[in-house]
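The values are calculated or read from the model by the stated rules, or taken from the named source; none is laboratory data. All of these numbers come straight from a predicted model, not from anything done at the bench. Positions of Cβ are generated from backbone atoms using ideal geometry, with glycine treated the same way; all protein chains shown enter the neighbour counts.
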Amino acid sequence: MNKTDGTDRSDFAAEVGGLAATWVALIVLMLASLGSAYLQLGVGNVLAGLAIATVKTALVVWFFMQLRRASAMTRIAGAVGLATLLLLMALSHADYGTRAKAPAPWQSPQQIAPALGVGATR
């Protein structure tokens, strides 16, 4: 085992290999997201997009942000951030779901330019 600067070369190679595999997985998921955009799945497009985005987010947080090696306090902070995001999303959904559906009254299109004097000849 060669040790240079306190790191083991095999550990470094394993880490680089893991990050490269994660990067390839992110590229594949991006292509899957692109491909699903061209399929007509109805509400399935939204569900597929959200599922792919969730997996991509988890990969980035777990591997690139190294949350798997983080201290307990850092993991708790990440969980609190996620809980706050979910709470804000739930409150936004509740607000949107309980609003009265009052569409604006129909107004015929008008030309604004003559009223402002734009284009008028002198």
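Filter segment 72-93 down to residues that are farther than 16 Å from Ala58 by Cα and surrounded by 10 or more Cβ atoms within 10 Å (Cβ to Cβ) and give me whichever is nearest to the chain's Cα centre (by Cα). Before you say what the answer is, go through the steps one by one.
Here is the first cut: in segment 72-93, the residues farther than 16 Å from Ala58 by Cα are 72-73, 84, 87-93.
Applying the additional criterion that residues be surrounded by 10 or more Cβ atoms within 10 Å (Cβ to Cβ) yields 84, 87-93.
Details: Thr84: 16, Leu87: 16, Leu88: 15, Met89: 13, Ala90: 16, Leu91: 19, Ser92: 17, His93: 17 Å.
Filtering first and then ranking leaves Met89.
Within the set of pairs 6+ apart or on separate chains, which have a first residue in segment 17-30 that is surrounded by 10 or more Cβ atoms within 10 Å (Cβ to Cβ), a second that is charged (D, E, K, R), and C-beta atoms under 9 Å apart?
As it stands, the answer is Ala25/Lys56; Leu26/Lys56; Leu29/Lys56; Met30/Lys56, since those pairs meet every condition given.
So, Arg68, is that one of a type in the set (D, E, K, R), closer than 22 Å to Thr54 by Cβ and surrounded by 10 or more Cβ atoms within 10 Å (Cβ to Cβ) or not?
no
Counting only residues that are aromatic (Phe, Trp, Tyr) and touching a Phe, Trp or Tyr at 6+ places or on another chain (Cβ under 6 Å), how many does segment 35-91 have?
0
Just to be sure, is Ser108 farther than 30 Å from Thr22 by Cβ and surrounded by 10 or more Cβ atoms within 10 Å (Cβ to Cβ)? Working first, answer last.
Values: farther than 30 Å from Thr22 by Cβ: yes; surrounded by 10 or more Cβ atoms within 10 Å (Cβ to Cβ): no.
So Ser108 does not fit the description; no.
Within the set of pairs 6 or more residues apart or between chains, which connect a residue that is part of a helix (DSSP H, G or I) inside segment 85-104 to a residue that is β-branched (Val, Ile, Thr) and at pLDDT 95 or above with Cβ atoms less than 9 Å apart?
none
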